[in-house]
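The next block holds one structure in the form of structure tokens; read it before the comments.
The values are calculated or read from the model by the stated rules, or taken from the named source; none is laboratory data. The structure displayed is predicted, hence computed values, not measured ones. Here the Cβ is made from the backbone with ideal geometry for all residues, glycine too, and neighbour counts use every protein chain on show.
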Amino acid sequence: MEKIIDIEEQIIELTNFYKKLKYKKIQRAIYIIYGELEFKTVSPEVVRGKYNVEIQVTKRFPSEVPSVKEVGGIIPEDFHKNDSETLCLGVETEIKLFLRNTPNLLKFVNSFVVPYFYSFKIWQKTGNFPFGERPHFVNGIIEFYKEFLLLNNLSSIINILKYIYNKGDLNGYCRCPCGSGKNINECFHQEKLKELSKINIKDDLYYIYWYYNKINGKRKKPIIFPLTLENFEKLYGNKNK
Ligand SMILES: [Zn+2]
Ligand SMILES: [Zn+2]
């Protein structure tokens, strides 16, 4: 059973912790949390920071990842930002997996937003990223899956994502799609596959497959944007067939 999240309760918990944050409801299901996010980290280094933020969170949290903007003009445009000026807090799938296990707004802010600003401060001072840095777009997604699945091979990663997209059996005695030759219940991927099956990996599969075809010189299939289910199925077939 999915736990019901009371988003207002979570926002109140967040604004009680970060006292200079306020919130307002802008539509029936959309909230904006705004004001100063003032923090002090103790590890790995003592860093104090104050940033004006605008966090948009919807009632679909945690399935929908909150978007965060820095509105004080401190974070430069070429630092990790998405097209829409929101902060690039990491690979979306990685954040979604975190939120599946930890569906809490305050912990989201403490685990992604504060470390983002912390990294920015350290980067300003030293030119280094204290927690490493993921590349943008498809390369970041691939890097994440390589680490998460402990696989180096793109086609194995694609096979795993296809298996999940097609809702393959995760408990039975089928071979693990990683190519190890082991059954799923004997391969260390079983738990990873179960975790991934709880979130929507369709976009990741699409992008990685597109990239794979590109680097292998197979451009037979056109890329159709926007990425809709309909377009995806035109390319890769219907999962029910
Ligand atoms: Zn980024
Ligand atoms: Zn495996």
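Just give me the residues in region 171-184 being touching a helix residue (DSSP H, G or I) at 6+ places or on another chain (Cβ under 6 Å) and surrounded by fewer than 19 Cβ atoms within 10 Å (Cβ to Cβ), in sequence order.
Going residue by residue through region 171-184, those that are touching a helix residue (DSSP H, G or I) at 6+ places or on another chain (Cβ under 6 Å) are 174, 176-179, 184.
Hits for region 171-184 are Cys174, Gly179.
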Criterion violated by Gly132 - all others in (1) assigned by TED's automatic domain parsing to the domain that holds Asn52; (2) within 13 Å of ligand 1 (Cβ to nearest atom) satisfied: (1)
Region 186-211 residues that are in contact (Cβ under 8 Å) with a residue 12 or more places away in the chain and within 18 Å of Cys176 (Cα to Cα), paired with ones that are surrounded by fewer than 17 Cβ atoms within 10 Å (Cβ to Cβ) and basic (Lys, Arg) (beta carbon under 9 Å, 6 or more apart): Phe188/Lys182; His189/Lys182; Glu195/Arg100; Ser197/Lys167; Lys198/Arg100
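Regarding Glu77, is this residue loosely packed, with under 13 Cβ neighbours inside 10 Å, of a type in the set (D, E, K, R) and touching a residue at least 40 places away in the same chain (Cβ under 8 Å)?
Criteria not met by Glu77.
Residues are listed down the side, and each one gets a yes or a no for (1) surrounded by 18 or more Cβ atoms within 10 Å (Cβ to Cβ); (2) among the hydrophobic types (A, V, I, L, M, F, W, C):
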residue	(1), (2)
Leu105	yes, yes
Val114	yes, yes
Tyr118	yes, no
Thr126	no, no
Glu133	no, no
Val138	no, yes
Ile141	yes, yes
Asn159	no, no
Pair list, Cβ under 7 Å, 6 or more apart: region 103-124 residue of a type in the set (Lys, Arg), other residue surrounded by fewer than 21 Cβ atoms within 10 Å (Cβ to Cβ): Lys121/Val47; Lys121/Gly49
Helices (runs of 4 or more DSSP H) within region 149-241 that include 1 or more residues of a type in the set (Val, Ile, Thr), farther than 19 Å from Lys96 by Cα and modelled with pLDDT under 90: 202-215
Filter result for Tyr173 (closer than 22 Å to Val91 by Cα and either away from ligand 1 (no atom under 16 Å from the Cβ) or of a type in the set (A, V, I, L, M, F, W, C) (or both)): no
